[in-house]
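Take a look at the structure below.
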Amino acid sequence: LIHLLDLNKIELDNSGNIIAECGALDAQVSRFARNNSRTGLEFLIGIPGSIGGGIKMNSGAYGNDFENILIDVKAINKKGKLKTFKKNELGLGYRKNKLNDDWIFLSARFKTSQNDRDKIQNKMKEIINNRKISQPTGFKTGGSTFMNGKNFKAWELIDKAGCRGLKFG
């Protein structure tokens with residue numbers, strides 16, 4: 001078992017890119033970007049996970065995902081080899097990447113741009129409000145258990161089957 005949550009440093013480089021270690025929570029990175037008037041990472045506020053997990057499964061929400069914001073990722077393999085992967089080397093797709101499980105993500109660099117802090121905050125509030133309306137918050141759920149298909153969204157099939165809100169036990 002490897003515990004990576006203590007790898008949670010977040011910083012801004014001289015080019016305005018944000019570098020976040022793999023254990024940093026997505027929402028923390030989103031807030032850091034806002035606090036530094038950097039836009040592009042607002043959608044992370046709605047994802048309950050860490051940067052490392054987000055890279056692993058190309059997490060996304062509200063029309064954006066990790067593939068759209070990543071520049072590169074530092075990783076280490078089981079033999080101790082360090083490597084920086086450019087975004088296009090990761091083979092990111094819907095909730096996946098092409099790297100084998102030998103690689104453990106350590107940190108990522110994200111592209112951002114300058115914007116007004118209040119505009120960023122308003123967008124984050126909108127995402128949080130939309131999430132509260134569409135998803136249960138404040139208690140444990142199955143989360144994103146089901147993957148969308150090419151021609152359908154999982155929630156639509158659950159609705160059509162009459163299973164929204166279905167409980168067992």
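Observations on the model:
- Of 87/132; 87/111; 56/87, pairs whose Cα-Cα distance is over 22 Å: 87/132
- C-alpha long axis of helix 26-35 to longest principal axis of the chain, angle in °: 60 degrees
- Selection from 106, 36, 77 lying farthest towards where the dipole of the chain points positive, charges on Cβ: 77
- Net charge dipole, segment 13-169: roughly 240 debye, given to the nearest 20, about the Cα centre with Cβ charges of +1 for Lys and Arg and -1 for Asp and Glu.
- Probe 1.4 Å, accessible area per residue of segment 1-82, Å²: 49 Å²
- Cut-off under 5 Å, modelled amide H: who pairs with residue 135 long-range: none
- Relative contact order for the chain: 22 percent, from Cα pairs under 8 Å spaced at least 6 residues apart, divided by residue count.
- At R0 = 25 Å, FRET efficiency that the Cβ-Cβ distance of residue 113 and residue 77 yields, to 0.05: 0.15
- Residue 101 paired with residue 156, simple spin-label distance in nm, labels 7 Å along Cα-to-beta-carbon: 3.3 nm
- Options (1) 1.21; (2) 1.04; (3) 1.10 - which one matches Cα Rg over 2.2 N^0.38 Å as calculated here: (3)
- Theoretical ellipticity at 222 nm over the chain - DSSP helices of four or more residues, -39500 (n - 2.57) apiece, nearest 500: -7500 deg cm²/dmol
- When the Gaussian network model of the chain links Cα atoms closer than 10 Å, the mean-square fluctuations of 121, 28, 135 top out at 135.
- The chain, accessible surface, carbon-and-sulfur percent (1.4 angstrom probe): 51 percent
- Across the chain, the longest piece that holds none of the chymotrypsin sites (Phe, Trp or Tyr not before Pro) lying in DSSP loops with up to 16 other C-beta atoms within 10 Å covers 1-61.
- Each Lys and Arg Cβ is given +1 and each Asp and Glu Cβ -1; about its Cα centre, segment 25-80 then shows a dipole of about 300 debye.
- Of all the options 148, 17, 115, the one that moves most in a Gaussian network model of the chain with Cα springs shorter than 10 angstrom is 148.
The values are calculated or read from the model by the stated rules, or taken from the named source; none is laboratory data. Since the structure is predicted, the reported quantities are computational estimates derived from the model, not experimental observations. Reconstructed Cβ throughout: ideal geometry from the backbone, glycine too, with neighbour counts over all protein chains shown. Note: accessible area is taken over every heavy atom of the protein model, side chains too, but ligands, DNA and RNA are not part of it. Shrake-Rupley method; radii C 1.70, N 1.55, O 1.52, S 1.80 Å.
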